[in-house]
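Participant: First the structure, which I've put down as structure tokens, then a few questions once you've had a look.
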Amino acid sequence: MVKFPEGFLWGGATAANQLEGAFDQGGRGLANVDLVPTGPDRYPIITGHMKHFSFDEDHFYPAKEAIDFYHRYKEDIALFAEMGFKAYRMSIAWSRIFPKGDELEPNEDGLAFYQSVFEELHKYGIEPIVTITHFDMPMHLIHEYGGWRNRKLIDFYERLVTTLFTRYKDLVTYWITFNEINMILHAPFMGAGIVFNEGENEEEIKYTAAHHELLASALATKIAHQINPNNKLGCMIAAGQYYPHTHNPADVRLAQIMDQENYFFIDVQSRGVYPNYALRRLAAQGIQIPFEKGDEELLKENTVDFISFSYYSSRVASADPKVNQQTEGNIFASIKNEYLKSSEWGWQIDPLGFRITMNELYDRYQKPLFVVENGLGAADKLDQNGRIEDDYRIAYLKAHIEEMGKSIEEDGIPVIGYTSWGCIDLVSAGTGEMKKRYGYIYVDRDNEGKGTFKRIKKKSFDWYKQVIATNGSNLENI
Ligand code: P53
């Protein structure tokens, strides 16, 4: 039996584009994520290799309606409260606040919407954890400025965050600047609004965009602390330790390099300087980071208060080209780990890897950790009684929460909270499917957009309620 700290923030996590819908209501502007369809074109679009700037009849666009949280948030938050949530991680749709992104004045309808969501949460004593951008940005900023490759984006982001920190001063204290900032490297259209032109140096563009996001994140941290010294700012990384495929030093070295590629962002956000390995490696590739006067100071003086991260799986790296051919075609390159089982979507299940990853993160940064995503995507089915017996999900979460408990109790890692991913079923970021479900709450909606949007509690709903009620000391299946 594990003892979690008092006040531990148990809850769930979502992202605006994956649940709100109402893509053209309340004055909301068009966003990059609206235009990302399901099906085989999704991958080339999210990686910036296929330009797709308008809707057509040949594709289905799941973000347009998503699960209609925009109209149902009161009902959904009541369900979160019934589970006993202490925290709810959600994101702001930038284009609800600044529909085009470069306006001088914000859209009041958008601001009023999130205000109402925050007030509803506080009604139940639920702490909002707010991601400022979770894979979304106004399309206009892409058309007009080329997304985060353009330094001007920092000014627009500054306007966004200043508006948010001022308006929600008394409602929100936990802020995350960019969801999975390392996703710039893996899905640059989603992570940074980047579409590549023929013959461009893609690495250079990605690291330029990264520099701009890192500056924007530091600036947001500075402004947030000025507006309210109680504000807590976090960075966010798609984490998951790389293991060497064998004990061949070449494999160990490659695993280290793959980890550094991801840690690079957090190294800057948490330590305030570009790590030497990144500066040397980029220089060796002939890549210039567009540093301007004052950039170094801004990064140095405005580091984050906590480290948040998603963890779904560990990864495996091999330096052997033959073995490497088996690398799975996921957003993150990884070969199969023969010691682990996989989810229906081929994601390897590794609870101990969670503890290993937490130890790595804490050793590296020495700041409190916040687990803001973890969970199992599965194709849940209603049984003949209309119930969803998702024991596989309970097993996954239980095993991971146990390892988190050991990280706290046996390894002494300070952890602020745990918000499992997709506490209510929502659209998958990777595939756009509805069928890949993570929730404690089922939503009647399918991959083609059919269904009533009805919410149904799964078995895991009651289980998680028990976990929270006992502050993690009873993780047994019910
Ligand atoms: P889906 C890939 C690898 C690790 C994290 O993912 C990832 C992804 C993107 O697929 O993203 C995070 O929905 C992300 C969420 C996303 C969640 O993981 O593809 O922050 O938006 O939904 C799960 O199963």
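The values are calculated or read from the model by the stated rules, or taken from the named source; none is laboratory data. The shown structure was predicted, so the numbers you read here are calculated from the model rather than taken from an experiment. For neighbour counting, all protein chains shown are included, and Cβ atoms are generated from backbone atoms with ideal geometry for every residue, glycine included. Ligands, DNA and RNA are stripped out before the accessible areas are found, and what is left, the full protein with its side chains, is counted by its heavy atoms. Shrake-Rupley method; radii C 1.70, N 1.55, O 1.52, S 1.80 Å.
Participant: Find, to one decimal place in angstroms, the Kirkwood hydrodynamic radius of the stretch 1-107, where the mean of 1/r is taken over every pair of different Cα atoms and then inverted.
Facilitator: Numbers: mean 1/r = 0.0623 Å⁻¹.
By the Kirkwood definition, the hydrodynamic radius is 16.0 Å.
Participant: For the stretch 320-423, state the semi-axes of the equivalent ellipsoid (square roots of 5 times the eigenvalues of the alpha-carbon gyration tensor), sorted largest first and rounded to whole angstrom. Write out the running numbers ahead of the final one.
Facilitator: Details: eigenvalues 132, 108, 25 Å².
Value: 26, 23, 11 Å, ordered largest first.
Participant: Using 0.36 nm times the number of residues separating ALA469 and GLN326, minus their current alpha carbon distance, what extension gain do you get?
Facilitator: Between ALA469 and GLN326, full extension yields an extra 47.1 nm.
Participant: Related question: Quick one: if you take sqrt(5λ) for each eigenvalue of the C-alpha gyration tensor of the stretch 63-167, what semi-axes come out, biggest first, whole angstrom?
Facilitator: Working from the Cα gyration tensor, I get semi-axes of 28, 14, 12 Å.
Participant: Let me ask you something else. Once the principal axes of the Cα atoms of the stretch 197-331 are found, what is the range along each, listed largest first in whole angstroms?
Facilitator: Principal extents (Cα only, largest first): 54, 34, 28 Å.
Participant: Provide the percentage of antiparallel DSSP beta bridges, counting only those with both residues in the stretch 336-478; round to the nearest 5.
Facilitator: Numbers: 6 of 9 bridges.
Of the beta bridges lying entirely in the stretch 336-478, close to 65 percent run antiparallel.
Participant: Compare the Cα positions of PHE196, THR431, SER91 along the charge dipole of the chain (+1 at Cβ of Lys, Arg; -1 at Cβ of Asp, Glu; about the Cα centre) and return the one farthest towards the positive end.
Facilitator: Projecting each Cα onto the dipole axis, the largest value belongs to SER91.
Participant: Ratio of the chain's C-alpha Rg to 2.2 N^0.38 Å, to two decimals?
Facilitator: This ratio for the chain stands at 0.92.
Participant: Next up: Tell me, what is the FRET efficiency for MET50 and ILE478 to the nearest 0.05, using R0 = 51 angstrom and their Cβ-Cβ distance as r?
Facilitator: Once the sixth-power term is evaluated, E becomes 0.65.
Participant: Here's something else I'd like to know. Using the beta-carbon distance between TYR124 and GLN288 and R0 = 45 Å, what value does 1/(1 + (r/R0)^6) give for FRET efficiency, to the nearest 0.05? Working shown, then result.
Facilitator: Working: r = 50 Å, r/R0 = 1.12.
Plugging the Cβ-Cβ distance into 1/(1 + (r/R0)^6) gives 0.35.
Participant: Moving on to the next point. When the chain is fully extended, how far beyond the present Cα-Cα distance does ASP41 get from ASP109, taking 0.36 nm per residue of separation? Mind dumping the intermediate values first?
Facilitator: Values: separation 68, 0.36 × 68 = 24.48 nm, distance 3.31 nm.
Full extension from ASP41 to ASP109 adds 21.2 nm.
Participant: When ranked by the protection proxy of mean other Cβ atoms within 10 Å per residue, highest first, what sequence do the peptides 39-52, 353-366, 79-92 form?
Facilitator: Per-residue Cβ counts within 10 Å, averaged per peptide and sorted highest first, yield 79-92, 353-366, 39-52.
Participant: Placing +1 at every Lys and Arg Cβ and -1 at every Asp and Glu Cβ, with all other atoms neutral, what dipole size does the chain have around its Cα centre, in debye to the nearest 20?
Facilitator: Values: 50 positive and 68 negative charges, 135 e Å.
My answer is approximately 660 debye.
Participant: Quick check for you: which residues of the stretch 142-165 have the amide N under 13 Å from the point 7 Å beyond the Cα of LYS100 toward its beta carbon?
Facilitator: Answer for this model: 142-145.
Participant: Between GLU200 and GLU158, what is 0.36 nm times their sequence separation minus the Cα-Cα distance? Round to one decimal in nm.
Facilitator: Roughly 12.3 nm would be gained on extension.
Participant: Same structure again: Under the definition of Cα pairs under 8 Å and six or more residues apart, what whole-number percent is the relative contact order of the chain?
Facilitator: Taking the mean separation of contacting Cα pairs over the length of the chain, I get 18 percent.
Participant: Further question on the same structure: Report the one residue of ALA220, TYR168, PHE370 whose Cα lies farthest in the direction of the positive end of the charge dipole of the chain (charges on C-beta: Lys and Arg +1, Asp and Glu -1; origin at the Cα centre).
Facilitator: Result: PHE370.
Participant: Tell me the label-point distance for the pair ALA78, MET1, using the 7 Å Cα-to-Cβ offset, in nm and rounded to one decimal.
Facilitator: Roughly 3.5 nm, to one decimal.
Participant: Next question. When ranked by the protection proxy of mean other Cβ atoms within 10 Å per residue, highest first, what sequence do the peptides 333-340, 283-290 form?
Facilitator: Put in order of decreasing packing, that is 333-340, 283-290.
Participant: Only bridges whose two residues both fall in the chain count here: according to DSSP, what percent of them are antiparallel, nearest 5?
Facilitator: Around 20 percent of the beta bridges assigned by DSSP in the chain are antiparallel ones.
Participant: With viscosity set to 1.306 mPa s and temperature to 10 °C, compute the Stokes-Einstein D of the stretch 395-478, Rh being the Kirkwood radius across alpha carbon pairs; µm²/s, no decimals.
Facilitator: Answer from the Stokes-Einstein relation: 110 µm²/s.
Participant: So, for the chain, what is the accessible surface per residue at a probe of 1.4 Å, expressed in square angstrom?
Facilitator: 39
Participant: Counting only helical runs of four or more DSSP H residues, what would the 222 nm mean residue ellipticity of the chain come to if each run contributes -39,500 (n - 2.57) and the total is spread over all its residues?
Facilitator: Values: 17 runs with 184 residues, N = 478.
Counting only the DSSP helices, I get -11500 deg cm²/dmol.
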